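Everything on this sheet refers to the single structure shown next.
The values are calculated or read from the model by the stated rules, or taken from the named source; none is laboratory data. Quick caveat, the model's predicted, so the values are computed rather than measured. Note that each Cβ is placed from the backbone with ideal geometry, even for glycine, and that neighbours are counted across all protein chains shown. Just the protein is used for accessible areas: all its heavy atoms, side chains included, with ligands, DNA and RNA removed. Shrake-Rupley method; radii C 1.70, N 1.55, O 1.52, S 1.80 Å.
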Amino acid sequence: MAKVKFTEKELLWKLDYNENSDKHGKVFIPNGVFELLATNEELNTVKSFHHAYAYSYLWLSAWLYRNAKYTNDYTKDDIKEIIGFSKTYLKFNYVMKKGGVLDKLGLTVEDKIKNAPIHYEWEDGVLEFYNQEEYDKTFLHEDQIEENKASGIYKRNPNGTYKIPAFGVYNEDGEYGLGTFFGYVENTHQVDFEVFVKCMTNPELGAEAFYLYAFLTWKCAVAGGTIEISGEKILTDTGMKHTSKEKALKGLKKFGLIDCYPADYYKGAGKGDGASVYVVKGIEGYIVEGRAFVTRKVRDAKELKKKKNFVKELMNIGI
């Protein structure tokens, strides 16, 4: 079971979700992020395997920035709690701290919370972000600013920090305005906010299901809608553990986020008959109460041997 703290209603409230405006603020993540996470030595230590949580933390940090949600002081611990950890869980800090895994990989940059975006505008087709100081100067009169100060809405932790999703803001050369937030979305994948919410509030899904869903979303898009891929390949490309991958797949299939046409498994042979085929269904396929789904058939290894011999005979007689 995944660890979830919030109901769907509570999470939407915590994230200050506005259906009318936030649905336009989609997050596009570079496809290369999976390889970066899967091959990272720190994430691959026996005591960590936090690949899925690192991805979920990154995705949520990007969503908060893109939708200018920092009118609230979302701390690292707040984000950590949303993706399935308690605020007091310290073993994930190596991923999100300043100079941690995400910073080292160039996926995030740490900055002071006072510089975080609280508002955005489209100006002549160009996306513009405003922090609190910029917003006040641009949109408020001096007396309004003084009223706000008096009301206490500017109270912020002076030492607070947040993560800038580097890929959303900058290109590979560090030029501002050329990231995915500004329309440069080649070689990226996009996961709907609604899927994130379902995963983070359903104890049978969680961060690992969200991570695997994102991975399959990318693979299906590149392959034209469906992907045939083995379980071993999924493990290699995501860095997940076998047990975590199996639980995540079960949850995604049960709640209709993906369809799977499984390959047979031959007991004693240690392998399946080819790779399984996956189709990403998206939030439209989500089934609240869950559903039964097709599982792979377990056969005897002798059947695989007979099958191979049969194929060999066909080849020998030219059929």
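For residue 67, the stated conditions hold: it is surrounded by 13 or more Cβ atoms within 10 Å (Cβ to Cβ) and closer than 20 Å to residue 194 by Cβ. Would you mind stating whether residue 57 is buried (at least 19 other Cβ atoms within 10 Å of the Cβ) and either within 17 Å of the chain's Cα centre (by Cα) or free of Cβ contacts under 8 Å to residues at least 40 places away in the same chain (or both)? Here the answer is yes, as residue 57 does meet what is asked. Residues in region 20-28: is at least one part of a helix (DSSP H, G or I) and small (Gly, Ala, Ser)? Scanning region 20-28, I find at least one residue that is part of a helix (DSSP H, G or I) and small (Gly, Ala, Ser), so the answer is yes.
Scanning region 162-179 for residues that are open to solvent by less than 10 Å² (accessible area, probe 1.4 Å) and touching a residue at least 24 places away in the same chain (Cβ under 8 Å) returns 162, 163, 165, 168, 169. In region 178-199, the condition of being assigned to a helix (DSSP H, G or I) and modelled with pLDDT under 95 is met by no residue. Could you tell me whether region 226-238 includes any residue that is modelled with pLDDT of 95 or more, within 21 Å of residue 55 (Cα to Cα), of a type in the set (Ser, Thr, Tyr) and surrounded by fewer than 16 Cβ atoms within 10 Å (Cβ to Cβ)? Yes. For beta carbons closer than 6 Å, sequence separation of 6+ or different chains, a first residue in region 1-27 that is open to solvent by 80 Å² or more (accessible area, probe 1.4 Å) and a second that is modelled with pLDDT under 90 and β-branched (Val, Ile, Thr), there are no qualifying pairs. Of the helices (runs of 4 or more DSSP H) contained entirely in region 52-115, those carrying at least 1 residues that are of a type in the set (Ser, Thr, Tyr), within 19 Å of residue 40 (Cβ to Cβ) and modelled with pLDDT of 95 or more fall at 93-96.
Kindly indicate whether residue 155 is charged (D, E, K, R), over 24 Å from residue 33 (Cα atoms), at pLDDT 90 or above and open to solvent by 70 Å² or more (accessible area, probe 1.4 Å). Taking the combined requirement at face value, the residue does not satisfy it. Taking (1) open to solvent by 10 Å² or more (accessible area, probe 1.4 Å); (2) of a type outside the set (Phe, Trp, Tyr); (3) at pLDDT 95 or above in turn, residue 257 satisfies each apart from (1). Tell me yes or no: at least one residue of region 134-151 is of a type in the set (Phe, Trp, Tyr) and either open to solvent by less than 40 Å² (accessible area, probe 1.4 Å) or assigned to a loop (DSSP other than H, G, I, E, B) (or both). So far as region 134-151 goes, no, none of its residues is of a type in the set (Phe, Trp, Tyr) and either open to solvent by less than 40 Å² (accessible area, probe 1.4 Å) or assigned to a loop (DSSP other than H, G, I, E, B) (or both).
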